[in-house]
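What follows is a single structure, written as structure tokens, with notes after it.
The values are calculated or read from the model by the stated rules, or taken from the named source; none is laboratory data. Note that the structure is predicted; figures quoted are calculated from it, not measured. Every residue, glycine among them, receives a Cβ derived from its backbone with ideal geometry; neighbour counts consider all protein chains shown.
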Amino acid sequence: MSEANGEIPEIKCVGIIGAGQMGNGIAQVFAVAGYDVRLSDISDERLEQARESISAGLERQISHGKITGDDKAAALSRITMGTGLELFGDCDLIIESVVENEEVKREVLKQLCPLIRPDTVICSNTSSISITRLASVTDRPGRFMGMHFMNPVPVMQLVELIRGIATDEDTFKAIRELVEALGKTPASAEDFPAFMVNRILMPMINEAIYTLYEGVGSVKSIDTALRLGANHPMGPLQLADFIGLDTCLAIMHVLYEGLADSKYRPCPLLVKYVEAGWVGRKSGRGFYDYSTDEPVPTR
């Protein structure tokens, strides 16, 4: 058993640290499924943006016949927001979903542990960072694991589950059952750099950027080729913009440093775009310019 020397609590209240694109999507999914949700971020402005994003996401679900207006009102009523970690004192599960930076995540986890119950489970929504290393800074490595949602969370069916070396079996079982209760599909991955999805996906995106960098094809031709030639719903450069080029670069660094293989070297053009602040949709510019109704390729 874990450090708490007891059973995993029944999960009724879920805390989410980080109200960005991933965090607010996770909050929406849990609230619609009937869980009480606590959502925190560093400013009221970011929380207000999250509230608007969740409301818009629920409206999309209404338009697709997935939920009713009453369901939306009920889901929003289940979400409590705040800027402090004290918000999570009564949570059964807490999901860390801050920026994909190991030092930031470690600091958040250190601050969190003294403020929550000993039996509370902590998961990280990291897309690439070692679960074992993150668990080591907490007071409960047995009750810590990776719970990697896909973006956009309300739409995507997969949740990648990653055990650290110290993760208890009962913790893993409880989170797997929770994922199934959300109506999503769990896939178990070992704790290696970038796990499964991003170990395969990010090198493909990085190679697409090299293909652009070397002049083999334009942004439009590369995306068209993969959409129509490989039946991908979105071209790799369009997808990179959607994910965020800063996130793509962070994951490539984790792969390159963690596996010491030159095939994971981030493309210099990706580095340049991130240095310029052109990180995709969220900044208004990446491989496409989003300042007009129809995104325009930037190269």
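Being buried (at least 20 other Cβ atoms within 10 Å of the Cβ), at pLDDT 95 or above and closer than 26 Å to M156 by Cβ is a property that holds for M252. Considering every residue within the stretch 31-42, establish whether at least one is out of contact with any Asp or Glu (no Cβ under 9 Å at 6 or more places or on another chain) and assigned to a helix (DSSP H, G or I). Yes: one or more hits. For the stretch 272-299, the set of residues classified as of a type in the set (V, I, T) and surrounded by fewer than 16 Cβ atoms within 10 Å (Cβ to Cβ) consists of T292, V296, T298, listed by residue number.
Against the test of being closer than 24 Å to G57 by Cα and part of a helix (DSSP H, G or I), the options V159, V179, V155 yield a single qualifying residue, V179.
Which ones in the stretch 118-167 are within 26 Å of E10 (Cβ to Cβ) and among the basic types (K, R)? Hits for the stretch 118-167 are R140, R143, R163. Residues of the stretch 77-100 that are in a loop (DSSP other than H, G, I, E, B) and of a type in the set (A, V, I, L, M): V98, V99. Of the candidates V153, V219, the single residue that is within 28 Å of Y288 (Cβ to Cβ), aliphatic (A, V, I, L, M), assigned by TED's automatic domain parsing to the domain that holds L93 and in contact (Cβ under 8 Å) with a residue 60 or more places away in the chain is V153.
With respect to (1) buried (at least 22 other Cβ atoms within 10 Å of the Cβ); (2) touching a helix residue (DSSP H, G or I) at 6+ places or on another chain (Cβ under 6 Å); (3) farther than 21 Å from F192 by Cβ, the lone exception for S127 is condition (3).
Okay, residues lined up against (1) buried (at least 23 other Cβ atoms within 10 Å of the Cβ); (2) touching an Asp or Glu at 6+ places or on another chain (Cβ under 8 Å); (3) modelled with pLDDT of 95 or more:
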position	(1), (2), (3)
G142	no, yes, yes
M145	yes, no, yes
M156	no, no, yes
R163	no, yes, yes
A166	no, no, yes
E177	no, no, yes
K184	no, no, yes
F195	yes, yes, yes
L201	no, no, yes
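Any idea which residue in the stretch 1-51 is farthest from V153 (Cα to Cα), counting only those that are polar (S, T, N, Q) and without any contact (Cβ under 8 Å) to a residue 40 or more places away in the chain?
First, pick out the residues of the stretch 1-51 that are polar (S, T, N, Q): 2, 5, 21, 24, 28, 40, 43, 49.
Now drop any that are not without any contact (Cβ under 8 Å) to a residue 40 or more places away in the chain, which leaves 5, 24, 49.
Details: N5: 33, N24: 9, Q49: 17 Å.
Result: N5.
Taking the conditions (1) part of a helix (DSSP H, G or I); (2) exposed (fewer than 14 other Cβ atoms within 10 Å of the Cβ); (3) not small (G, A, S) in turn, K66 satisfies each one other than (1).
Within the stretch 63-95, the set of residues being of a type in the set (G, A, S), under 16 Å from A50 (Cβ atoms) and at pLDDT 95 or above comprises A75, S77, G82.
A single member of D289, D293 is in contact with a strand residue (DSSP E or B) (Cβ under 8 Å, 6 or more places away or on another chain) and over 24 Å from H148 (Cα atoms), and it is D289.
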